[in-house]
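Q: Have a look at this one before I ask anything.
The values are calculated or read from the model by the stated rules, or taken from the named source; none is laboratory data. Keep in mind that what you see is a predicted model, and the values were worked out from it rather than measured. Note that we place each Cβ from the backbone using ideal geometry, even for glycine, and neighbour counts take in every protein chain shown.
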Amino acid sequence: MQVTEYKPLIVAFCCNWCSYAGADLAGNNRLAYPADVKIIRVPCSCRVNPSFILRAFQRGADGVILCGCHPGDCHYTTGNYYTRRRMALLFSMLDYLGIERERTRVEWVSAAEGAKFAATMNDFVGKVAALGPNKRLEDLRCKK
Amino acid sequence: MQEINRETLIAKAKELLDAGTVDRLLGWKRGEFDWDVTPAVFTADNLGEFVYNSFCGANFSKYLIAETRKSEKKVLVFLKPCDTYSFNQLLTEHRFDRERVYAVGIPCEGMLDVAKIRGLSDNVASVTDGETVKIETLWDGEITSEREKLLAERCLNCKSKKHVAYDELIGEDGDVLDSHRFDEVERLESLTPDERYAFWQNELSRCIRCNACRDVCPACTCEKCVFDNPNSGLENKAAANEFEEKLFHIIRAFHVAGRCTDCGECSRVCPQHIPLHLLNRKFIRDIDNFYGEYQAGAEVGSRAPIVNFTTDDLEPSEAVRRDENA
């Protein structure tokens, strides 16, 4: 039997205008963050429907992080304010159902914050790795 | 015991039908047993089949969407206090034409839960309501029980006896009550994550995905539900595994967050007796705590907190108390 080190799979939803550019900047500055983070670019953080987050868990994610512009800096003026309310309610509900609260997070990362992006991802991956594989929101049919 | 009876309602219906105010009414039709009442449309011809008893819990607000489209004439509907909140909420969402409805508010003393009655005997023949409820059984003899003990959960924690919308009222209007409806949510919140997970795993694993909770919900009024839409990626007709159960119930509750009036229909119709109202109430409680008290349907035209914002809302990380139980 081959024993391999557990590596969590992280899905990061990044808004096109701030966080995705922030991830780009992290790359340009050669700041390291784990390769386990898979970025999905969305036009705005408020494009992320609660079902996207659940589906990411279903398809094998161990943690989901949502990054958007800082409140007040949304490219569409108010998008991330709605994200903030929506995700507050969703995360509270996941917690209510007993899903580990460390598996979900919202961070505001601007296009100039490459260092914050890398630091956030390092921290998040570390926390999720400590929790281990996602068991409570997994879909066995999606397991390879 | 209900304050009003079948005869009062039929007399009122006859009066309005004769006056030409309405040409039909939404009411309850008798089934095989006392508790088998089913919503139906009545005209002057079949008014004899109209019944009203303590099992007439159905919330008629949602039926108005389809019914008001059928004719230019008004339809008569009897609304209990909790139904009037859904009525207002649907008006807020422009789901039906107020001009085509004649709403008569009726007082309600709480509806009986047939599951609790069946818990006393498995061969119930008939139920007579009163201060003490008399239950005739086939071979267990007559059983009596205090009415309080047989009330549906949503009625025990009734949030309001006040009608928030009506054209006419029968009887006295009540008040908004100081209910204990969030006690159970608070109890669950105080458990550890593992206990909460076990609780919900136990409850939700009974789901058979009959979609009754969605179909009956007065807030679930999309023309095409995401769970019926093959392009949504959420369509699934059977609760195939644990994930599917949780996905359905989280999304169902989330889609009505801020619009749910807490009428309790979801839990009433659930054939598996899953306490679905606890999911809805969690959202209501969170919205109250995070963004200020809000009762959906209390007034027409109010804006739900989930489609609104302030610049200094709390962060999602603060919504889940990360320090506690950690």
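Q: Which ones in the stretch B:96-154 are part of a helix (DSSP H, G or I) and among the small types (G, A, S)?
A: Correct list: B:A115, B:G119.
Q: Please find, within the stretch A:67-103, the residue that is farthest from the other protein chains (Cβ to nearest Cβ) out of those that are charged (D, E, K, R) and part of a helix (DSSP H, G or I).
A: Across the stretch A:67-103, the extreme among qualifying residues is A:R103.
Q: For the stretch A:131-144: of the residues being away from every other protein chain (no Cβ under 12 Å) and either farther than 30 Å from B:A240 by Cβ or not small (G, A, S) (or both), which is surrounded by the most Cβ atoms within 10 Å (Cβ to Cβ)?
A: Going through the qualifying residues, I end up with A:P133.
Q: Take the conditions closer than 20 Å to B:E93 by Cα, of a type in the set (S, T, Y) and at pLDDT below 95 and apply them to B:S317. Does it pass?
A: Criteria not met by B:S317.
Q: Take the residues of the stretch B:199-214 that are part of a helix (DSSP H, G or I) and free of Cβ contacts under 8 Å to residues at least 60 places away in the same chain: which is surrounded by the fewest Cβ atoms within 10 Å (Cβ to Cβ)?
A: B:N202
Q: Can B:D262 be described as at the interface with chain A (Cβ under 8 Å from one of its Cβ atoms), acidic (D, E) and either buried (at least 22 other Cβ atoms within 10 Å of the Cβ) or touching a Leu at 6+ places or on another chain (Cβ under 9 Å) (or both)?
A: no
Q: Looking at the stretch A:50-67, I want the residues that are closer than 17 Å to A:C14 by Cβ and have a partner that is outside any strand (DSSP E or B) and among the charged types (D, E, K, R) with Cβ atoms under 8 Å, at least 6 apart or on another chain. Which pairs are those?
A: A:G63/A:E102; A:G63/A:R103; A:G63/A:K127; A:V64/A:R103
Q: While we're here: Could you pull out the residue among A:V106, A:V37, A:V64, A:V42 that is under 25 Å from B:W200 (Cβ atoms) and more than 9 Å from chain B (Cβ to nearest Cβ)? Give the derivation first.
A: Working: A:V106 fails: more than 9 Å from chain B (Cβ to nearest Cβ); A:V37 fails: under 25 Å from B:W200 (Cβ atoms); A:V42 fails: under 25 Å from B:W200 (Cβ atoms).
Answer to the selection: A:V64.
Q: List every residue pair whose Cβ atoms lie under 7 Å apart, where the two residues are 6 or more positions apart in sequence or sit on different chains, the first residue falls within the stretch B:171-195 and is at positive phi and more than 8 Å from every other protein chain (Cβ to nearest Cβ), and the second residue, located anywhere, is surrounded by fewer than 13 Cβ atoms within 10 Å (Cβ to Cβ) and assigned to a loop (DSSP other than H, G, I, E, B).
A: If the second residue must be surrounded by fewer than 13 Cβ atoms within 10 Å (Cβ to Cβ) and assigned to a loop (DSSP other than H, G, I, E, B), the pairs left are B:G171/B:E3.
Q: Take the stretch B:266-295 and flag every residue that is among the polar types (S, T, N, Q), crowded, with 19+ Cβ neighbours inside 10 Å and within 13 Å of chain A (Cβ to nearest Cβ).
A: B:N280
Q: Right, something else. Among B:S145, B:S160, B:S86, B:S126, which is among the hydroxyl-bearing types (S, T, Y) and at pLDDT 95 or above?
A: On the way: B:S145 fails: at pLDDT 95 or above; B:S160 fails: at pLDDT 95 or above; B:S126 fails: at pLDDT 95 or above.
Within the list B:S145, B:S160, B:S86, B:S126, the selection yields B:S86.
Q: Follow-up. Which numbered condition trips up B:E72, out of (1) in a loop (DSSP other than H, G, I, E, B); (2) touching a Cys at 6+ places or on another chain (Cβ under 7 Å)?
A: Status for B:E72: all satisfied but (2).
Q: Looking only at the stretch B:76-126, which residues are of a type in the set (A, V, I, L, M, F, W, C), within 18 Å of the chain's Cα centre (by Cα) and surrounded by fewer than 17 Cβ atoms within 10 Å (Cβ to Cβ)?
A: Of everything in the stretch B:76-126, just one residue is of a type in the set (A, V, I, L, M, F, W, C), within 18 Å of the chain's Cα centre (by Cα) and surrounded by fewer than 17 Cβ atoms within 10 Å (Cβ to Cβ), namely B:A115.
Q: Report, by residue number, each residue of the stretch B:215-241 that is part of a loop (DSSP other than H, G, I, E, B), out of contact with any Phe, Trp or Tyr (no Cβ under 9 Å at 6 or more places or on another chain) and charged (D, E, K, R).
A: Of everything in the stretch B:215-241, those that are part of a loop (DSSP other than H, G, I, E, B), out of contact with any Phe, Trp or Tyr (no Cβ under 9 Å at 6 or more places or on another chain) and charged (D, E, K, R) turn out to be B:E223, B:K224.
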